[in-house]
Amino acid sequence: MFNSREYEWSDVNVVVAGRVVTGLRGIKYSSKQEKELLHAKGNKPHSVQRGNKTYEGEITLLQSEYEALRKAAGGDILDISFNTAVSYGNPSKGDAVTNDILIGCEFTEDNTEWKQGDKFQEKTLPFIYLDKKNA
């Protein structure tokens, strides 16, 4: 039987600093590596040289979730280092579950923005991390 089902937002689970994030509105994370073409004789590159890797992301939370995280951090989320686990997939629906572990996360910014007409507060917090493991 062919399964054409795609992963759904409802199948995403995120754990930050050991706490399940129920007020999650979004998460994104990426890895990058410096790369440069090495030129020598001729006009075509001879190789691709690789440099440093960097890891960054952002998490979007409801204000109530942010307040719980801030309280757990002792008042300032910029002072904590934590691991984040992101899993997606629903085995009961035939999905393979993927688990990404982001190691050594630290928030780089703590921002607040309110706009006229807002029905709820949403905070997007950028972070950096040391490495990503697949579990």
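Here are some notes:
- Per-residue HN-Hα couplings for the range 92-108 [Karplus 6.51, -1.76, 1.60; θ = phi - 60°; Hz; x = Gly/Pro]: 5, 9, x, 7, 7, 8, 10, 10, 10, 10, 9, 9, x, 6, 9, 5, 9
- Ligands, DNA and RNA are left out, and with a 1.4 angstrom probe the accessible area of the chain is 68 Å² per residue.
- The range 11-59 - convex hull of the alpha-carbon atoms, volume per residue in Å³: 115
- Packing here is the average count of other Cβ atoms within 10 Å per residue, and on that basis the peptides 24-30, 36-42, 56-62, highest first, run 56-62, 24-30, 36-42.
- Residue-averaged [θ]222 nm for the chain, counting only DSSP H segments that reach four residues, each worth -39500 (n - 2.57): -2000 deg cm²/dmol
- Of all accessible heavy-atom area on the chain, the percent that carbon and sulfur account for (1.4 Å): 49
- Those residues of the range 96-122 whose amide nitrogen sits under 18 Å from the label point placed on Asn13, 7 Å along Cα→Cβ: 96-102
- For the chain, the Kirkwood hydrodynamic radius comes to 17.4 Å, computed from all pairs of different C-alpha atoms.
- Relative contact order (percent, whole number), the chain, Cα cutoff 8 Å, 6+ residue spacing: 26
- If R0 equals 22 Å, the separation of the Cβ atoms of Lys132 and Ala96 corresponds to a calculated FRET efficiency of about 0.80.
- Spatially near lysine pairs across the chain, Cα under 18 Å, sequence gap of 8 or more or different chains: 13
- Most fluctuating residue given options Val97, Val14, Val48, as computed from a GNM of the chain linking Cα atoms under 10 Å: Val48
- Spin-label zone in the range 92-130 - amide nitrogen under 18 Å from a point set 7 Å from the Cα of Ser81 along the C-beta vector: 101-109, 127-130
- Dipole magnitude for the chain: about 600 debye, using +1 per Lys or Arg Cβ and -1 per Asp or Glu Cβ, origin at the Cα centre.
- Once the convex hull of all Cα atoms in the range 89-135 is built, its volume per residue stands at 104 Å³.
The values are calculated or read from the model by the stated rules, or taken from the named source; none is laboratory data. No experiment lies behind these values; they were computed from the predicted model shown. Neighbour counts are summed over all protein chains in view; Cβ atoms, including those assigned to glycine, are modelled from backbone coordinates with ideal geometry. Please note that ligands, DNA and RNA were not included when accessible areas were found on the heavy atoms of the full protein model with its side chains. Shrake-Rupley method; radii C 1.70, N 1.55, O 1.52, S 1.80 Å.
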